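Notes follow the structure.
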Amino acid sequence: MIDCLSNPSWINPQIDFLYFLQHYRIECPQIIDKIFLSITIFGEFWLPTIICAIVYWCIDFKAGLYLFSLEGFNIFLAHLFKMLACVYRPWVLDNKIHPSELAVPFAKGYSFPSGHSAMGSSVIGGIAFLLRKNKILCISLILLILLIGFSRLWLGVHTLQDVFCGLLIGIILIFSLNKMINWAEINKNRYLYLILAIDIFAIIALIYVYFFNTYRIDYVSGEILVNPDKLKYIMAVAYGYALGIINGSFLCRIYNPFNPKENSVNKRIIRGIIGSILTIVLLKFLLEYIIMNNVELLIAMAGMFILGIFVTLIYPIIFTKLKF
């Protein structure tokens, strides 16, 4: 823990709770950490993307559009709140916290809110909302969301406030975006107004974070603890993708609406497999190319924007024209 860091009193009970969990985690075999780490992939970037895409391409267009909206807005809010709050990780707040070594490589940057909890509650929670008439499945999905949140606590990479606010972001988005989509469905040209408003919001948020927000800089052994410039870059790249999926899905709804159920199950399975492989390959290439080479910001944003457009607009145009 850095010596100059002072924490508000309400952080201490949360640190004590993590320390309580840590006692049992240390006593458990490492396989338990691996299980919880595998659960967190439902709150990571790539798996929710594939889930949204399969629903969008193969099951129900409008439901997929709703899920993509949840993913996109979650990216907007989670990254923005992280950059505004600038809260350090639990082991920085108190040096008695020792997170799971397996989780630390995937838990860099600021801590509040929990991005995994926010993404999981948004996308998985959105699916639960769509399937709310099936109580058993709905409850199972809710339990999965809670497990994602608990996994972040068990692994020692987030506090209760991080997880709670991440879950809260998802809950708010689930209900507010459902109303937004229903409003736009009354007249599909309303999606154009939403595109304009969302694009303006994203630009203003990026401008504020880049040029007007202030960041605390602390050092440990001469090295910067959290580099805000690196996180601003990551936020902008993530925003590029979020703008791509939202713009693409909304434009597709207006100009290339399709009904997946018009095709046979076999064709939809083929469509899903091909699309998933292409998306994973492109995503892996872009992320590795961007991260490893520190590509110029606008080029990196454009690459992720195009990926979002490909998933939600270009690929649907291709499979509707080729009828597969």
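Derivation of every value follows stated rules applied to the coordinates shown; laboratory data play no part. Note that the coordinates shown come from a computational prediction; the quantities given were computed from them, not determined experimentally. Cβ coordinates were reconstructed from backbone atoms using ideal geometry, including for glycine residues, and neighbour counts include every protein chain displayed.
Rg/Rh, computed from the Cα trace of the chain with Rh as the Kirkwood radius, has the value 0.98.
Each Lys or Arg adds one and each Asp or Glu subtracts one; over the other residues with Cβ under 12 Å from the Cβ of PRO228, this totals +2. For the chain, the relative contact order comes to 23 percent (Cα pairs under 8 Å, sequence separation of at least 6).
At an R0 of 35 angstrom, the distance between the Cβ atoms of ASN266 and GLN30 translates into a FRET efficiency of 0.25. Across all directions, the shadow cast by the convex hull of region 8-85 built on its C-alpha atoms averages 7.5 square nanometres. The packing ranking, built from the mean of other Cβ atoms within 10 Å per residue, places the peptides 209-222, 107-120, 311-324, 184-197 in the order 107-120, 311-324, 184-197, 209-222, highest first. With θ taken as phi - 60° and the Karplus curve 6.51 cos²θ - 1.76 cosθ + 1.60 applied, the whole-hertz 3J(HN,Hα) list for region 21-34 is 5, 4, 4, 6, 4, 5, 7, 7, x, 5, 4, 5, 4, 5 Hz, x standing for glycine and proline. Computed from the Cβ-Cβ distance with R0 of 22 Å, the FRET efficiency linking LYS230 to ILE41 stands at 0.45. For region 147-293, what class follows from the C-alpha gyration tensor (a ≥ b ≥ c being the square roots of its eigenvalues): rounded when a/c is under 1.5, otherwise prolate if a/b is larger than b/c, else oblate? Cα axes put region 147-293 in the prolate bin. Near TYR315, once Lys and Arg are set to +1 and Asp and Glu to -1 for all other residues with Cβ below 12 Å from its Cβ, the sum equals +2.
A straight Cα-to-Cα reach below 20 Å connects LYS188 with the aspartates and glutamates ASP60, ASP199, residues fewer than 8 places away in its own chain not being considered. Of all lysines in the structure, the ones whose alpha carbon falls short of 25 Å from that of LYS135, not counting any fewer than 8 places away in one chain, are LYS62, LYS179, LYS261. The residues neighbouring ARG152, those whose beta-carbon lies less than 13 Å from its own, together hold a net charge of -1 under the Lys/Arg +1, Asp/Glu -1 convention. Cross-link partners among lysines for LYS34, C-alpha distance below 19 Å, same-chain residues fewer than 8 apart left out? Straight-distance partners of LYS34: LYS108.
Legend: translational diffusion of region 149-199 by Stokes-Einstein, Rh = Kirkwood radius over C-alpha pairs, 20 °C, 1.002 mPa s; D = 164 µm²/s.
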